[in-house]
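The values are calculated or read from the model by the stated rules, or taken from the named source; none is laboratory data. On a predicted model such as this, the values are computed, not experimentally measured, just so you know. Positions of Cβ are backbone-derived with ideal geometry, glycine not excepted, and every protein chain shown enters the neighbour counts. Protein only, heavy atoms only, side chains kept; ligands, DNA and RNA dropped before computing areas. Shrake-Rupley method; radii C 1.70, N 1.55, O 1.52, S 1.80 Å.
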Amino acid sequence: MKSLEYEEKETICGENRNSYYKTDHDATAMCLKDDYYSGLGSNMHAAYNTQILVSNGFIVSYYVSQDRSDTRTLANAIEQFHKWYGQYPEKLCADAGYGSFSNYEYCEQKGIQAFIKYPSWNGERTGRNPALYEYVDEKTIICLGSRKGVPVKLADRKHSWPNSTFFRVNDCEGCAFEPYCKRLLKIKTGKSRIFEIQPHLAQLKQQARDLLLSPEGIELRVNRSCQVEGAFGVLKQNMQYTRFRRRALDRVTVEFALTCLGMNIRKYLRFSMKNSLPFYWKAPEGLASETFKKPSAKRIINRLKKRKKLQPNEIAKKSYKKKGKC
């Protein structure tokens with residue numbers, strides 16, 4: 001009887017999920033940003049993942065999925081856009097939650113300029129967690145301490161990723177960034193440092209970085225914050241649409257589609273009554289490209305010494321601010 005019960009549960013859950021709810025089999029257990037019960041955003045609840053594509057302030061496409069991570073929803077959301085409009089967007093700007101090898105490759109294959117941040121973007125931009133190396137070509141990398149690395153073959157070490165290459169950087173002794181560079185290694189001593197690099201991924205990340213730092217990338221980043229986050233803000237705060245009223249993926253999708261349509265109609269009527277078009281910031285002519293802040297080895301090492309090891313729930317509780325209090 002137990003075996004039959006387990007088989008039934010696995011059939012309901014499906015291959016691409018590891019959880020479902022008795023009250024809604026299509027819903028997946030997710031950790032919500034705003035927890036209506038404990039208020040800390042650290043408990044699991046039945047939820048769906050919603051994605052929107054925004055152009056000039058209007059929602060042009062939407063996608064509702066059961067994925068807990070935004071990373072795996074990007075390609076499906078763009079394919080939905082292509083199904084409706086018959087073409088792929090020329091440019092796409094997204095936050096660091098979508099910065100993965102598969103998404104960069106997908107955009108490259110579809111001819112989309114990917115202004116997509118990667119997970120370490122903010123740390124590199126502020127200089128708090130700079131990149132450990134700069135990929136130059138298939139035979140050279142430059143480490144954070146300005147030392148050159150060359151490809152090597154290691155008989156006693158297997159590759160963790162396909163099509164990856166080992167690079168060795170020598171003369172690490174005396175480098176100011178050595179404690180930061182080797183902080184995650186089990187053996188932190190030695191005169192050299194081995195990096196395992198996927199050349200294609202490194203090239204795509206650096207290409208996305210250069211696009212984001214360009215004047216056009218600055219303009220798209222500013223407008224993404226205003227338009228996409230603003231659209232979600234209107235839905236959640238102005239329209240008070242913070243929870244789904246229906247169950248099952250198909251019904252939830254229709255509900256979300258009608259809500260997005262309602263927001264677009266409200267926005268269109270507002271601008272048509274004013275006889276004006278929505279205005280968003282444009283980069284001025286002659287705007288220089290942005291550069292990353294130069295990292296300080298002394299500050300990075302001091303911060304590493306003071307850092308405390310906290311559990312994810314403790315980090316969530318520490319960063320949470322109760323409503324009505326500063």
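Brief remarks follow.
- Exposed GluC sites (Glu not before Pro) absent: longest stretch of the chain, with sites in DSSP loops and at most 14 other Cβ within 10 Å deemed exposed: 174-284
- Accessible-area value, LYS9, 1.4 Å probe, nucleic acids and ligands omitted, Å²: 90 Å²
- Within the shell of other residues whose beta carbon sits under 15 angstrom from the beta carbon of MET273, the net charge comes to +4, with Lys and Arg scored +1 and Asp and Glu -1.
- Note on ILE142: accessible area is roughly 60 Å² with a 1.4 Å probe, heavy atoms of protein only.
- Accessible surface ranking that places the most exposed of MET1, MET239, MET44, MET30 first, with a 1.4 angstrom probe: MET1, MET44, MET239, MET30
- Theoretical ellipticity at 222 nm over the chain - DSSP helices of four or more residues, -39500 (n - 2.57) apiece, nearest 500: -11500 deg cm²/dmol
- Taking each of LYS186/LYS293; LYS83/LYS110; LYS148/LYS306; LYS188/LYS305; LYS236/LYS274; LYS182/LYS305 in turn, the alpha-carbon distance tops 19 angstrom for LYS186/LYS293; LYS148/LYS306; LYS236/LYS274.
- Computed about the Cα centre, the dipole magnitude for the chain is approximately 1900 debye when only Lys and Arg (+1) and Asp and Glu (-1) carry charge, each at its Cβ.
- Trypsin sites (Lys or Arg not before Pro) within region 205-257, DSSP loop, no more than 13 other Cβ atoms inside 10 Å: ARG243, ARG245, ARG246
- Which labelled figure in [x] 1.11; [y] 1.03; [z] 1.18 is Cα Rg over 2.2 N^0.38 Å, once derived from the coordinates: [z]
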